[in-house]
1. Can you compute the FRET efficiency between T218 and K113 using 1/(1 + (r/R0)^6), with r the Cβ-Cβ distance and R0 = 45 Å? Round to the nearest 0.05.
2. Roughly what % of DSSP beta bridges within the chain run antiparallel, to the nearest 5?
3. Report, in debye and to the nearest 20, how large the dipole of the chain comes out about its Cα centre when Lys and Arg carry +1 and Asp and Glu carry -1 on their Cβ.
4. Would you mind computing, in nm to one decimal, how far apart the modelled labels at E423 and N81 are, each placed 7 Å from Cα along Cα→Cβ?
5. Heavy-atom accessible area per residue, segment 192-256, 1.4 Å probe: how many Å²?
6. Multiplying the sequence separation of N101 and E123 by 0.36 nm and subtracting their Cα-Cα distance, what value in nm do you get?
7. On the accessible surface of segment 2-61, probed at 1.4 Å, how many percent belong to carbon and sulfur atoms?
8. How many Å² of accessible area per residue for segment 2-61, probe 1.4 Å?
Amino acid sequence: MDKIKKFPQIGTLIEDETLKEYPFYLRAYFCKNIVANMKALDENSCEKNILLKKIKSEIQKYLRKDLQSVINATGVIIHTNLGRSVIDESIFNQCKDQICNYINLEFDLENGKRGSRYALVLEKLKMLFECEDALVVNNNAAAVFLILNSLCLNEEIISSRGELVEIGGSFRVPEVIKAAGVKLKEVGTSNKTHLKDYEEAIDENTKLLLKTHKSNFTLIGFQSDVSIVELDKLAKEKGILTYYDLGSGWCENLNEKLAKNEPMIKKVLKNCDILSFSGDKLFGSVQAGIILGKRELIEKIKKNQLLRMLRVDKITLALLNETFKAYLEKDYTKITTLRLLNDDIEHIEQKALWVRQQIKFESEIKKSRSLVGGGSMPDRTLESRVLSFEGKALTLQEKFREKNIIGRVENDSFVLDFRTIRESDLNILVKLINSMENL
Ligand SMILES: *Cc1c(COP(=O)(O)O)cnc(C)c1O
């Protein structure tokens, strides 16, 4: 007998009562795929009920992978795997009208002519940072690439060996430089680089001095690097450029303890020709690469064909635009990342206490410390409060994860860190925890 005939008909599988709760496109896709896979494995037959069970399980697995909101109880504020900075609902609502309608993205309402999508945010960036000119691209990795490619193609730049870092997601500074078509001259050593290292390396081929923020690691002990102020002074003497890849960088209203030793964008700008930073790290907005600098340099970058490939879309620009407004209006509570970074310990404890009272399982409030994350400030932690649960930590972590609550394991206990749990998460968190049968 032909083995194909030993499988139930796809049509009857799709229409089976046990799958009716799922939309047609999912039933159709998984029924066809699973039967095809079994045939490819040279299976001769499969009973309908076994097949249906398999299909259902695959649909559920798929739905589990679908994008969905989670509760970040890891304590890591800028968590790259959890989407980095959270956009506040008020910011999103202000953009909604622009995103859901035609907008003047590249249209000058005054003269009816074609406008520039970058002009839209330029004025606000000037107000915020006192920059000569600015540009926004898809992310900071794109900014680094575009700046180097536009200003230094086939030319030589100098970087300290201590700053040839890997950021994560396979972004490695020396490789990005190479990919941008730029020659790299390394100076200094991995722990120490002096001004004279740069001084001696500069020759008639040198176009630019690159400084990269050591975002995600710290050197302690016998170490030193050269500040952007010193680098810029040297560059001016030699008639070459300086570029600072800030990675994160902060704008305003960061608490003193965190702000210490962390470059403030506006200040850095006074001491370099061009800089770039991520939109969704400490700045607390959407994924973007923000470039600020001298007018003639930005002009040159704007002429690069690559800009067209790295350009931001209207949703990004609309969200950024509202974040800029929030900063300008000093309405910092709208910037979730800042709000969480600056949150005081009494408030964090209050949130933890409230949840502890509302949930049906035993838990204990403990003192702990949270991380900034996002490749920012690896040496700095923030005071926090956690709810700690009795039981096998890894099992608990998995159980909570099934409910989209992402916690962490600390000293062999599973904990929920309340620095990253927002007010608006609390009710949902309680409901989710109480929906678990046991721990
Ligand atoms: C994070 C980071 C980048 C990459 O920025 P994305 O916005 O993630 O593309 C580049 N350089 C430094 C120093 C960084 O910290």
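The values are calculated or read from the model by the stated rules, or taken from the named source; none is laboratory data. Remember, predicted model here, so these are calculated numbers, not experimental data. For neighbour counting, all protein chains shown are included, and Cβ atoms are generated from backbone atoms with ideal geometry for every residue, glycine included. To get the accessible areas, we keep the full protein, side chains included, count just its heavy atoms, and leave off ligands, DNA and RNA. Shrake-Rupley method; radii C 1.70, N 1.55, O 1.52, S 1.80 Å.
1. Numbers: r = 51 Å, r/R0 = 1.13.
Taking R0 as 45 Å, the efficiency between T218 and K113 is 0.35.
2. Details: 31 of 54 bridges.
Just about 55 percent of them are antiparallel.
3. On the way: 68 positive and 64 negative charges, 194 e Å.
Once rounded to the nearest 20, the dipole reads 940 debye.
4. Result for the modelled spin labels: 3.0 nm.
5. On the way: 3070 Å² over 65 residues.
Averaged over the residues of segment 192-256, the accessible area is 47 Å².
6. On the way: separation 22, 0.36 × 22 = 7.92 nm, distance 2.30 nm.
Value of the extension gain: 5.6 nm.
7. Details: 2090 of 3930 Å².
Carbon-and-sulfur percentage of accessible area, whole number: 53.
8. In whole numbers, segment 2-61 has 66 Å² accessible per residue.
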